[in-house]
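J.: Before I ask anything, let me first share the structure, which is written out below as structure tokens.
The values are calculated or read from the model by the stated rules, or taken from the named source; none is laboratory data. Since this is a predicted model, take the numbers as computed values, not measurements. As a convention, Cβ positions derive from the backbone with ideal geometry for all residues, glycine included, and neighbour counts pool all protein chains shown. Note: accessible area is taken over every heavy atom of the protein model, side chains too, but ligands, DNA and RNA are not part of it. Shrake-Rupley method; radii C 1.70, N 1.55, O 1.52, S 1.80 Å.
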Amino acid sequence: MYRLFLTIFLWFWLTTWGMLAIVFLGSRLTGIRQVSAPNMYATVAPILADQAAKAYESGGPEAFARFSQSDDEGRARQLFLLDGFYKDVLSRPLTNDGLRVAHAAKNGQIVVLRAHIAGYRFVSSSGHPYVLLLYLKSGLREIAEALLGEGLPYTISLIFLVTLLCFALAYHIASPIHSIQSTARRVAQGDLKARVPPRVSRRFDELSALAKDFDSMVGRLDVLIQTQKNLLNSVSHELRSPLARINLSVALLKKRYSADADDMFQRLDRDVARIDGLMGQLLTLSRLEAGLSSAEREDVNLAQLVEETAADSHFEADASGKSVSLRTEGPIILENADPHALRSACENVIRNAVRFTRPGTDVEVVLEIDRNTPELTGVLSVRDHGPGVPEESLEVIFQPFYRISGDTQGTEGNGLGLAIASEAIRLHRGTISAANLRPTGFEITIRLPIAFDVASRRYELPQPEHNSKS
């Protein structure tokens with residue numbers, strides 16, 4: 001906001017002064033204008049004209065020549081005395097501008113052309129008409145004198161007035177933009193009740209219309225998200241409750257029927273558990289797609305979270321002759337993060353790798369900091385030794401319910417795990433990508449912006465073991 005404010009202020013300030021300078025210089029340096037007291041010329045001209053006429057009438061051209069050269073400021077100006085026929089008494093040639101000034105001057109009046117030719121018409125004591133012409137070599141002195149001499153109070157007042165008006169105009173434009181920007185930040189942080197201050201809406205200009213449209217947009221988003229929340233709550237209640245009753249009914253049926261029905265009951269248990277898990281994942285995915293993070297927002301140590309997830313996955317993988325190894329670079333802090341969403345993303349990616357890696361192989365989990373980007377980035381890489389996926393599927397495996405045709409190892413999956421991971425990472429302004437390894441294997445890379453380089457901040461957080469089996 002402040003850069004915009006200063007830009008607007010300086011542009012208006014410089015433009016105003018430029019226009020004033022053009023008007024002032026144009027009025028001072030172009031055209032013939034009359035000069036009156038208390039200007040220096042208006043005061044000195046009658047005295048100088050009287051002395052010049054006396055010198056010429058008493059001693060002729062030679063005396064006037066000596067008079068004009070005796071002036072202390074003779075180097076800065078040239079003096080001409082014209083008779084009634086507009087001829088110089090020393091027979092010097094006159095410029096067209098000089099003749100214009102001489103003809104424009106009236107008795108007892110001094111006129112100036114472009115601040116460097118002054119003319120004064122008068123009648124001497126002997127009754128002869130004359131015109132005194134004064135050629136100045138530079139008009140800068142007069143301009144400086146007008147600004148810093150008698151006109152100094154006006155100059156100071158003008159500077160103050162221009163600065164004040166430009167400041168008020170710049171503030172009038174930039175202030176509502178700052179208010180809209182602040183409100184947008186609050187909305188981005190999840191405060192959908194935030195609105196632009198009413199003073200902006202009362203301006204009756206384009207910025208007021210923008211503020212009203214912004215408030216209308218936020219209000220509509222609030223309604224949509226509230227509807228989404230209500231839908232999720234309804235789905236959760238309407239579907240989870242019957243599932244709970246089905247589980248209870250199965251338990252009661254097991255007590256009534258003989259052991260011959262155990263196989264049927266086990267199959268029924270698995271189906272109910274699968275439906276329950278699917279509903280849970282669908283609800284999680286819906287919340288993440290709607291940007292509905294949990295209320296628990298905090299600074300999260302990503303290294304500690306990944307270490308705990310890798311340890312749980314290693315425990316599960318050990319039963320099938322697989323393992324999970326972890327290598328980290330130390331604590332990596334994510335500010336204002338949702339630990340539940342991040343944990344869900346890490347669990348889905350690591351467990352997916354455990355499911356597809358070959359027995360007797362190791363899933364490699366690497367967490368490090370990329371300092372070669374403008375914003376510090378935490379990079380989580382999960383590599384397995386499985387068959388990989390077709391190249392054409394690398395971009396679509398993060399879509400909900402997508403399953404690779406001919407997949408025999410992932411029959412227990414439902415195509416939601418990587419979709420949930422993708423939405424959770426997107427919620428934290430990160431990216432997730434997949435790549436096949438050579439000769440075999442598959443790797444998923446997660447990149448998340450981190451708060452700071454832990455080397456420059458002190459946190460009392462547990463340090464994960466490096467290059468250790470989780």
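J.: How much length is gained on full extension from HIS340 to ASP263, taking 0.36 nm per residue of separation minus their Cα-Cα distance?
T.: In short, 24.1 nm is gained.
J.: Return the sequence-ordered ³J(HN,Hα) values of the range 353-362 in whole Hz as given by the Karplus equation 6.51 cos²θ - 1.76 cosθ + 1.60 applied to θ = phi - 60°, using x for Gly and Pro.
T.: 5, 4, 5, 9, 5, 6, x, x, 10, 10
J.: Taking θ as phi - 60°, what are the ³J(HN,Hα) couplings along the range 249-255 by the Karplus curve (6.51, -1.76, 1.60), each to the nearest whole Hz, with x for Gly and Pro?
T.: Taking θ as phi minus 60°, the curve returns 5, 4, 4, 5, 5, 4, 6 Hz for the range 249-255.
J.: Separate question: Using mean Cβ contacts within 10 Å as the protection proxy, how do 198-208, 170-180 order, highest first?
T.: 170-180, 198-208
J.: Protein chains only, probe 1.4 Å: how do THR445, THR309, THR43 rank by accessible area, largest first?
T.: Most to least solvent-accessible, the answer reads THR43, THR445, THR309.
J.: Here is a further query. Highest first, please rank the peptides 246-256, 390-400, 47-57 by the mean number of other Cβ atoms sitting within 10 Å of their residues.
T.: 47-57, 390-400, 246-256
J.: While we're on this one: Between the range 323-395 and the range 81-140, what is the separation of their alpha carbon centroids in Å?
T.: So the two Cα centres are separated by 93 Å.
J.: Just to make sure I understand: if all protein chains stay in place, what is the order of TRP11, TRP17 by accessible area at 1.4 Å, largest first?
T.: The most accessible residue leads, giving TRP11, TRP17.
J.: In what sequence, highest mean first, do 119-127, 300-308, 88-96 appear when ranked by Cβ atoms within 10 angstrom?
T.: The peptides rank, most packed first, as 300-308, 119-127, 88-96.
J.: Might you work out the accessible area of TYR130 for me, using a 1.4 Å probe with all protein chains in place, and round it to the nearest 10 Å²?
T.: TYR130 has an accessible surface of roughly 10 Å² with all protein chains in place.
J.: Sticking with this one: What is the set of long-range amide H partners of ALA337 at a cut-off below 5 Å, with H atoms built 1.01 Å from backbone N?
T.: Those qualifying (amide H under 5 Å, at least 5 residues apart or on another chain) are GLU298, ASP299, VAL300.
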